[in-house]
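First the structure, in the form of structure tokens, and then the observations on it.
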Amino acid sequence: MSINVVAISGNLTREPELRRTQSGLAVLGFGVAVNDRRKNASTGEWEDYANFIDCTLFGARAESLAEILKKGMKVTVSGKLRWSQWERDGQKRSKVSVVADEVDLPPKNGAAGQDAVPQPQATPAAGVYDDEIPF
């Protein structure tokens, strides 16, 4: 059995870009900077290293969040990893990105329930509810 689940928390690296597929499905692309800590071998000090992760969100939530998300905002993204490959100028390229299922925003002033950033309501995929997902 394979499990493909990922959760990251960081800051948006750029303004989100809302596009549409030919069929009209909303697609929101955005980047998240996530820090990793490593010990510097020469100094012995712990240092932060940034990882830049491309994320994609589809559907009604993509449309709702396109109006809310701004560069620099803190977000927590949960979803699944997707590997893609393409060729550019004769060079094969590839990357791993996150296809988001959920994007959560922290409360505006850090206090739960007070001045919270509005959260779009989750919309389950057609015919898919928690009690129907086989595990």
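The values are calculated or read from the model by the stated rules, or taken from the named source; none is laboratory data. This one's a predicted model, so the numbers in the text were calculated from it and none came from an experiment. Note that each Cβ is placed from the backbone with ideal geometry, even for glycine, and that neighbours are counted across all protein chains shown.
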Notebook entry, point to check: Across region 1-20, what is the number of residues that are over 21 Å from GLU102 (Cβ atoms) and modelled with pLDDT under 95?
Noted result: 1
Checklist line | Only listed residue being within 20 Å of ARG14 (Cα to Cα), out of contact with any helix residue (DSSP H, G or I) (no Cβ under 7 Å at 6 or more places or on another chain) and modelled with pLDDT under 95, chosen from LYS70, LYS95, LYS74 | finding: LYS95
Margin query: What are the pairs with Cβ atoms under 8 angstrom where one residue, in region 37-57, is touching a residue at least 12 places away in the same chain (Cβ under 8 Å) and the other, located anywhere, is in a loop (DSSP other than H, G, I, E, B)? Sequence gap at least six, or different chains.
Written below: PHE52/THR13
Item checked: region 25-57, residues that are at pLDDT 95 or above and not in a strand (DSSP E or B) -> LEU25
